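Single-structure report; data block below.
The values are calculated or read from the model by the stated rules, or taken from the named source; none is laboratory data. If you're wondering where the values come from, they're calculated on a predicted model, not measured in any experiment. So basically every Cβ, Gly included, is an ideal-geometry build from the backbone, and we count neighbours across all protein chains shown.
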Amino acid sequence: MSGTTILDRRSFLAASLAGGAALTFEANLAIAQTVSGAVEPVMLNAFIRIGADNRVTIGAKNPEIGQGVKTMLPMLIAEELDVAWEQVHIEQTDADDKVYGLQVAGGSNATPNNWLPMRQAGAAARQMLVSAAAKTWGVDAASLSTEAGKVLHKASGRSIAYADLAQDAASVPVPDLAAVSLKSPDTFRIIGQSVRGVDTPKIVSGVPLYGIDTRLPGMLYAALLKCPIAGGTLAGFDDAAVRKLPGILAVVPVSGGLVPKGKNDALAIVADSWWTAHKARDQLVATWDSAAQSGFSTDSYAQQAAALLGAAPASDLYKAGDIDAALAGAAKTVTADYSYPFLAHATLEPQNCTALWTADGRLEFWAPTQNPGAGRKEVAAMLGIAPEAMTIHMTRVGGGFGRRLMNDYMVLAAQVAKAVPGRPVKLLFDRTDDLRNDYYRPAGWHRLTAGLDAKGAIVALKDHFVTFGADGKPIRAAEMSANEFPGPVVPAVHYGMSLLTTNLATGWLRAPTSNAMAFVFQGFLDEVAEAAGLDLPELMRRTLGTPRDLPAEKNRPAFNTGRARGVIDAVCKLAGWTGKPSTTKANGKGSGRGFGFYFSHRGYFAEVVDITIGDDATIKVDKVWVAGDVGSQIINPLNAEQQMQGAAIDGIAQALVWQPIVQQAGAVTQENFHDFPLLRIDAVPREVAMVWVRTDYPPTGLGEPALPPVIPAIGNAIRAVTGKRLRSLPFQLG
Amino acid sequence: MAISLTVNRRKRTIETAPDKPLLWVLREDLDLPGTKFGCGAGLCGACTVLLDGEAVRSCQTPIADAAGKQIVTIEDVATLPVGKKLVAAWIDLDVPQCGYCQAGQIMSATALLTHTPRPGSDDIDAAMSGNICRCATYLRIRKAIRQAAGLNTTERAA
């Protein structure tokens, strides 16, 4: 993503009468913003509809996966439009990046990317309404103010509702967005208020919202028989028995969606009921060609990784100073190996998509996706259909976590729909399909060595990272930053990398790469701190040094050491961290605490956990303390707290509950939640306490950055209680 | 075969295979999609409904086993006094994130408070441990149940 491209700055606003008396403002506003880090240029169409009853309909443009954007983005518009939240009705827009700009739920990017553009869209519309009022009353616009959907002329005591100005306002030239005046934060009436999720009342009354709930006249259903081995191809099939079953309409060979292109074959069984289609699968006979993939297994990856770690890295990620001399001259060295497994996303709503191939060769989708624009492109490439010949309706999404940044279900559903033109068809994975056809968080292995000087400062740092790749480069979500902390502040560093191959598709899992790197580096730094006679917060303070931005990769946000220090100090204060972990232990049992910090997705988070080790070596997190810095403004405190709590508890799941995805003879073996267990309520701490650290930076997102630090905090707490250092995930004692 | 049952206070008769799970009858035949499919194996609780007042996993309940029974789903749970309080607490505390599991959570909570009007913390965890929330809204689920039960909602670690 380019951070600085400036699009055409001309903006225009087209107004049209739509839906009777409702006036439609369509602001096609080509704008861009430059914020430190990867902020893409945004061309948005702020969709504000003012009804005759002064109700204001605001379009929510991004996919809602539970991160709260369907509420939060309209809050930004409503604030600057200066309407009362009670007047606002929110509609999910369709996917159309030409109208709405980038529509992605990923990277905790919605807040940083939309903080200004959404407010500008609201402010532009407000300014036009004010201009219309000034003209109506023959007064200077500067003498007018707005409040709760009305323009006020205080000098004369007059007021007029937006509804009564909307038609005139629509013919006012659109102001230059860069020049529209935005509210001062101390006058915010909506931003900064706790606002409940707009869909909450519907969710708790069972109103259909999700992709899986799509129901259309004449709709058909499809279940899949997928090649059990990723990358395998269909050699042949016999559907004679299936086709005789009542309710079965077709068996359709389909392909693609995972990697590599054109493979990952499957058969789609189309029926008048999903249950019928799914049950018929038992009688469908297919043979697959997967000889080329059958050698991949969890065990072979581990063996190859161990061999690679013993040799020199195949390539360099980052080098500084003379690492060999620095290690040779170090007063103390610490060496350790860390590893983590493949993981699935396990969204609770299984992957699904409804598609309709119309008589005129168009495709219409009802898609629970985090990334509809990418889905459009993928379908276009796979089916040879023009991107413009697709309509994509975005449904509410029953969990994303990165799984739905990929659009295999759209590609597959499109192929099924093409086979039954004129009939909408809903394709639905079952749980085993979902677990075995994921874009997995890739496993990784690290061999780390640190050298300390006589004062305990880190003077040398080496990491050999074994990950998965192709053509000399890491595959999706398998990379490591050359600037991984504390590399940039250590005088002699060598980060090197070696690659394994896999047939599995890999992908981004909530806080991608960070969920693994935080565990590795904050766990290892806890070992280094111990060697230096310090606790981890103190080692971090000394290593961070004076407040400054560290060097960043191109288009990546800079790591500011002062902001890191701020949350570390805040969480220590909140948790009453004393410098020495308050541990009561007897024979490896008892309670203790650990600390972790991480910077990811522009957010700074430091976390402390209290854990108890039980008689049977069970590890229970009793309490979590979180300090977070996501800039100057918490837009929706209620949702912010939800995201922070959810992310921290999700980290507990990765640390203690989730089991590695196991691959044998090329195939993932897990079937369901008995062998890929998710975190349940009895593993949840009684309390997650938190504090926000406000800093003078633009607000950034919260879907991800609270997750990574909790994982090393738990590992470090286990060390404090038991004396054992666990260096692979999930943490297991005994 | 024709199977009759009462769903959300309405007598319904469905022509269906007797082994079709109640979940899919609700979703496909009765147009009640509030009850969710998560695992198909009784492991996640997303499909929880009340069958004669007991929380059951509808994905594991063949429709034949529901013949003649009273079913309550999320679409109608607020007509029960306990369900009404729970739904109100769920809204007040804004429990959902993605929201996909919440119907099942509310149905399990309804069964809990029906049998145990003043549950302790361990009672809540035990009764709700069959319901997975992938977004981890568990802290608010606990709090909403306590609020609906008229209990102190402030929970602190020991």
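Before moving on, here are some points about what is shown:
- For region B:99-139, the set of residues classified as of a type in the set (Val, Ile, Thr) and either in a helix (DSSP H, G or I) or surrounded by 17 or more Cβ atoms within 10 Å (Cβ to Cβ) (or both) consists of B:ILE106, B:THR110, B:THR114, B:ILE124, B:ILE132, B:THR137, listed by residue number.
- Members of region B:22-31 that are within 7 Å of chain A (Cβ to nearest Cβ) and either buried (at least 22 other Cβ atoms within 10 Å of the Cβ) or touching a Leu at 6+ places or on another chain (Cβ under 8 Å) (or both): B:TRP24
- Region A:376-421, subset within 14 Å of chain B (Cβ to nearest Cβ) and in a helix (DSSP H, G or I), residue surrounded by the most Cβ atoms within 10 Å (Cβ to Cβ): A:ARG404
- Residues that are part of a strand (DSSP E or B) and buried (at least 24 other Cβ atoms within 10 Å of the Cβ) within region A:620-630 comprise A:VAL621, A:VAL624, A:TRP625, A:VAL626, A:ALA627, A:GLY628, A:ASP629, listed in sequence order.
- Residue within region A:694-711 that is under 21 Å from the mean Cα position of the chain (by Cα) and part of a helix (DSSP H, G or I) present: yes
- Annotation note: Cβ proximity below 6 Å between a residue of region A:279-305 that is within 19 Å of A:LEU234 (Cα to Cα) and a residue that is buried (at least 16 other Cβ atoms within 10 Å of the Cβ) and charged (D, E, K, R) (sequence gap 6+ or interchain) occurs for A:LEU284/A:ASP239.
- Boolean, A:ALA241 is surrounded by fewer than 20 Cβ atoms within 10 Å (Cβ to Cβ), more than 14 Å from chain B (Cβ to nearest Cβ) and in a helix (DSSP H, G or I): yes
- Any hit, region A:298-317, residues being of a type in the set (Val, Ile, Thr), out of contact with any Gly (no Cβ under 9 Å at 6 or more places or on another chain) and assigned to a helix (DSSP H, G or I): yes
- From the list A:PRO474, A:PRO442, A:PRO424, the lone residue that is in contact with a strand residue (DSSP E or B) (Cβ under 7 Å, 6 or more places away or on another chain), in contact (Cβ under 8 Å) with a residue 40 or more places away in the chain and surrounded by fewer than 24 Cβ atoms within 10 Å (Cβ to Cβ) is A:PRO424.
- Residues being more than 9 Å from chain B (Cβ to nearest Cβ) and either surrounded by fewer than 16 Cβ atoms within 10 Å (Cβ to Cβ) or closer than 19 Å to A:MET118 by Cβ (or both) - total across region A:196-218: 4
- Some residue of region B:70-79 being more than 22 Å from B:LEU151 (Cβ to Cβ), part of a helix (DSSP H, G or I) and in contact (Cβ under 8 Å) with a residue 12 or more places away in the chain: yes
- Subset of region A:52-65 (residues that are over 25 Å from the mean Cα position of the chain (by Cα) and either of a type in the set (A, V, I, L, M) or closer than 17 Å to A:MET128 by Cβ (or both)): A:ALA52, A:ASN54, A:VAL56, A:THR57
- Selection of region A:631-644 for residues being within 13 Å of another protein chain (Cβ to nearest Cβ) and either in contact (Cβ under 8 Å) with a residue 60 or more places away in the chain or part of a strand (DSSP E or B) (or both) yields A:ASN636, A:PRO637, A:LEU638, A:ASN639, A:ALA640, A:GLN642, A:GLN643, A:MET644.
- If you go through region B:84-141 and keep only what is more than 8 Å from chain A (Cβ to nearest Cβ), touching a helix residue (DSSP H, G or I) at 6+ places or on another chain (Cβ under 9 Å) and basic (Lys, Arg), you end up with B:LYS84, B:LYS85.
- Region A:262-276, residues that are more than 11 Å from chain B (Cβ to nearest Cβ) and either among the hydroxyl-bearing types (Ser, Thr, Tyr) or touching a residue at least 24 places away in the same chain (Cβ under 8 Å) (or both): A:LYS263, A:ASN264, A:ASP265, A:ALA266, A:LEU267, A:ALA268, A:ILE269, A:VAL270
- B:CYS59 being within 12 Å of another protein chain (Cβ to nearest Cβ), under 26 Å from A:GLY68 (Cα atoms) and touching a Cys at 6+ places or on another chain (Cβ under 7 Å): no
- Check on A:LEU182, within 19 Å of A:ALA78 (Cα to Cα) and buried (at least 20 other Cβ atoms within 10 Å of the Cβ): no
- Any hit, region A:325-345, residues being on the phi > 0 side of the Ramachandran plot and touching a residue at least 12 places away in the same chain (Cβ under 8 Å): no
- Some residue of region A:670-692 being part of a loop (DSSP other than H, G, I, E, B), within 20 Å of the chain's Cα centre (by Cα) and modelled with pLDDT under 95: no
- Tallying residues that are within 14 Å of chain B (Cβ to nearest Cβ) and among the hydrophobic types (A, V, I, L, M, F, W, C) within region A:163-195 yields 1.
- Residues within region B:140-158 that are among the β-branched types (Val, Ile, Thr) and either at pLDDT below 90 or not in a helix (DSSP H, G or I) (or both), tallied: 2
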